[in-house]
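Only one structure is covered here, and it is reproduced in the block below.
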Amino acid sequence: MKKIVAFLKISFISIITIFVIIFLYFFISNKIFLGAKNKTNIEYLSQNKSLINDSVSEDLFDDDFYNSKVFLLGEIHGYADNQKLDKQLFLFLNKKLGVKYYIAEMDSTTAQKLNYYLTKSKKDEALLRDVVLSVKKRIPQQSSKELFDKWSEIYDYNQTLADSSKIAVLGIDIDFDNNNSKISRDSAMMVNFKNAIEKMNLKNEKFYGLFGYYHTLQKSPITDKTTFAEQLKQSGFKTTSLVSYTLDSEMYLPENPQFPTPPEEKINWINADGPLMLVKGINDLKALSKSNSITLFKLNSANSPYLNSQNLIKVKSKIFGESIYPLKNSHTTDYFQYVFLLRNSKALTKLK
């Protein structure tokens, strides 16, 4: 009996030791990957940041920014503040530059429904609900009450505009049920975007859109694939990419067959400082931001250290999506030019 007890004690201690070693390995490796705060980066960022409140400030935007043909906001799906930010940035560009064409990560049929909703004399909540539920097929983590509310508020704003200035949505994604495409999804987006410009005679217009993070990278980290933003630049469209990262935030994780889903359909494990996603250099942005805030950082000023580093573009993902390892001799601003840091964002909520 004593031998059995001794064996059980040794086995228990061994199991605990293994778990402790695994935990310490991940903790230490995460710390090493994230890196310590960098004084040079922080000094630069402190002079190139802007707090976002109820609207986007133009403090960090210059002629190079305004001369862009396409503005892209890249998000990691599931965070409520991205919907708020999307509306604010689009309306800012509409007021400042007259940008009225919203290119969307949705198919043309869904976009057509959304455009019909925006042009009706009275709000059709049933129609907008149908749009939000249609989005669920392609992007389950975006289909939400917040998405519904955003377009309801854009409808209100649209009602104040002259007929010639009304907002319109261009759905450039492929249909979710279309499995016959011989080209990549990003390439299909590019083809659809060009076709829309040609068909609607929009050569002199500027465009804005919210897309999944990866689509907005202006250089693909995978050499045999080309992102939508990279194809825009290759086709001569001057493009500005603004991406968002989160800290201390909750992600909406609707029920799905790929992952176990928590009862409340939200998790707080997917943030830029870990444990399941890590963004190298995020601690520099964290040092210059406050809880419950959205802060914009400009990365491409003349004296920016991000012109010559890979901080903020090197991303390690341990479960959701792919890790991003930038190409050799490439730098952060080759991929995007601005970063929004979202602190303490709530998760999106299911539309009931």
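Kindly evaluate E105 against the criterion of being at pLDDT 95 or above, under 18 Å from Y208 (Cβ atoms) and of a type in the set (D, E).
Spelling it out, E105 is indeed at pLDDT 95 or above, under 18 Å from Y208 (Cβ atoms) and of a type in the set (D, E).
Against the definition (at positive phi and crowded, with 22+ Cβ neighbours inside 10 Å), how does L296 come out, yes or no?
no
So which of N271, N201 ends up being buried (at least 23 other Cβ atoms within 10 Å of the Cβ) and either free of Cβ contacts under 8 Å to residues at least 40 places away in the same chain or charged (D, E, K, R) (or both)?
N271
I'm told D163 meets every condition in (1) crowded, with 21+ Cβ neighbours inside 10 Å; (2) more than 29 Å from K350 (Cα to Cα); (3) acidic (D, E) except one. Can you identify the failing condition by its number?
Every listed condition holds for D163 apart from (1).
What are the pairs with Cβ atoms under 8 angstrom where one residue, in the range 134-149, is touching a residue at least 24 places away in the same chain (Cβ under 8 Å) and the other, located anywhere, is outside any loop (DSSP other than H, G, I, E, B) and of a type in the set (G, A, S)? Sequence gap at least six, or different chains.
Once the first residue is touching a residue at least 24 places away in the same chain (Cβ under 8 Å) and sits in the range 134-149, its partners that are outside any loop (DSSP other than H, G, I, E, B) and of a type in the set (G, A, S) give I139/G212; S144/A80; E146/A80.
Taking the stated definitions as given, is R129 at pLDDT below 95 and either within 18 Å of L351 (Cα to Cα) or touching a Gly at 6+ places or on another chain (Cβ under 6 Å) (or both)?
When the stated conditions are applied, R129 does not pass them.
Could you please find all residues in the range 123-174 being of a type in the set (K, R) and either assigned to a loop (DSSP other than H, G, I, E, B) or touching a Ser or Thr at 6+ places or on another chain (Cβ under 8 Å) (or both)?
Listed by number, the residues that qualify are K123, K136, K145, K166.
Taking the range 326-347, which residues are modelled with pLDDT of 95 or more and not in a strand (DSSP E or B)?
Once the filter is applied, which keeps residues that are modelled with pLDDT of 95 or more and not in a strand (DSSP E or B), the range 326-347 yields H331, T332, T333, D334, Y335, F336, Q337, N344, S345, K346.
If you scan the range 135-173, which residues turn out to be under 21 Å from K96 (Cβ atoms) and among the charged types (D, E, K, R)?
K150, E153, D156, D163, K166
The values are calculated or read from the model by the stated rules, or taken from the named source; none is laboratory data. On a predicted model such as this, the values are computed, not experimentally measured, just so you know. Reconstructed Cβ throughout: ideal geometry from the backbone, glycine too, with neighbour counts over all protein chains shown.
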